[in-house]
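For reference, the structure is listed below as structure tokens.
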Amino acid sequence: MFHRAIDLKFTGDTEVEVTFRDGKVMRYDVSELFDKIPPLSSLRNRSLFTSGYLSPGGYGIIWNDDLDLDIETIYYDGHLIKTLSLPGIAAGEEVQRVRAEAGLSQKELADLTGIDQSDISKIERGASNPTLGTLERIANALGGKLVISIETEH
């Protein structure tokens, strides 16, 4: 499984804090790789280190043409800081999954629901937090029903 990052923060001298689509927030000290991957040791330069950014799609951190770090390293070798509840992202992933299983394009789903295709795209990417009414329209158009659950740790 490929994990996707949605947020990146630089903490400490060589630490990153990455928020993933599944809600996990992981901290990773990049200096752990300096001996294994010598070119990364140039990230001791704070200015260079903080110039990094998430790659398109959130699959890595890029500093320049020569320096990057796969996001899977952080996910599997980092330290879990907390887990966030990201209902908009979870809902979007579910909409995308069910739409694909139904064999519909975003445009076709938009036509069935009366929801603009660009809004369907935003929902699926987790870039918006759809209302329950919007999710119900999508569920109905896909021949399903909206189910909401509240889980407790008791």
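The values are calculated or read from the model by the stated rules, or taken from the named source; none is laboratory data. Note that the structure is a prediction, hence the values are computed from the model and not measured. As a convention, Cβ positions derive from the backbone with ideal geometry for all residues, glycine included, and neighbour counts pool all protein chains shown.
A few notes on this one:
- Some residue of the stretch 130-149 being assigned to a loop (DSSP other than H, G, I, E, B), of a type outside the set (Phe, Trp, Tyr), surrounded by 12 or more Cβ atoms within 10 Å (Cβ to Cβ) and under 22 Å from the mean Cα position of the chain (by Cα): yes
- Candidate set: the stretch 9-45, residues that are among the hydroxyl-bearing types (Ser, Thr, Tyr) and touching a strand residue (DSSP E or B) at 6+ places or on another chain (Cβ under 7 Å); chosen: the one surrounded by the fewest Cβ atoms within 10 Å (Cβ to Cβ): 11
- Test: residue in the stretch 28-46 that is in a strand (DSSP E or B), within 23 Å of residue 84 (Cβ to Cβ) and under 14 Å from the mean Cα position of the chain (by Cα): no
- Pair list, Cβ < 8 Å and 6+ apart or interchain, from the stretch 36-58 residues that are assigned by TED's automatic domain parsing to the domain that holds residue 69 to residues that are of a type in the set (Lys, Arg): 57/4; 58/4; 58/21
- Of the residues making up the stretch 1-27, those that are among the charged types (D, E, K, R) and either closer than 23 Å to residue 126 by Cβ or assigned to a loop (DSSP other than H, G, I, E, B) (or both) are 4, 7, 9, 13, 17, 21, 22, 24, 27.
- The residues on offer are 101, 108, and the sole one that is more than 26 Å from residue 7 (Cβ to Cβ), loosely packed, with under 13 Cβ neighbours inside 10 Å, without any contact (Cβ under 8 Å) to a residue 24 or more places away in the chain and among the acidic types (Asp, Glu) is 101.
- Selection of the stretch 4-27 for residues being farther than 13 Å from residue 72 by Cα, among the β-branched types (Val, Ile, Thr) and touching an Asp or Glu at 6+ places or on another chain (Cβ under 6 Å) yields 11, 14.
- Residue within the stretch 57-72 that is under 23 Å from residue 2 (Cα atoms) and part of a helix (DSSP H, G or I) present: yes
- Filter pass, residue 104 being under 27 Å from residue 136 (Cα atoms), in contact with a helix residue (DSSP H, G or I) (Cβ under 6 Å, 6 or more places away or on another chain) and assigned by TED's automatic domain parsing to the domain that holds residue 121: no
- Note on the stretch 58-101: residues that are touching a helix residue (DSSP H, G or I) at 6+ places or on another chain (Cβ under 7 Å), of a type in the set (Asp, Glu) and at pLDDT 95 or above total 0.
- Of all residues in the stretch 74-92, those that are surrounded by fewer than 17 Cβ atoms within 10 Å (Cβ to Cβ) and in a helix (DSSP H, G or I) total 5.
- Looking only at the stretch 63-73, and only at residues there that are farther than 15 Å from residue 28 by Cα and among the hydrophobic types (A, V, I, L, M, F, W, C), the one that is surrounded by the most Cβ atoms within 10 Å (Cβ to Cβ): 63
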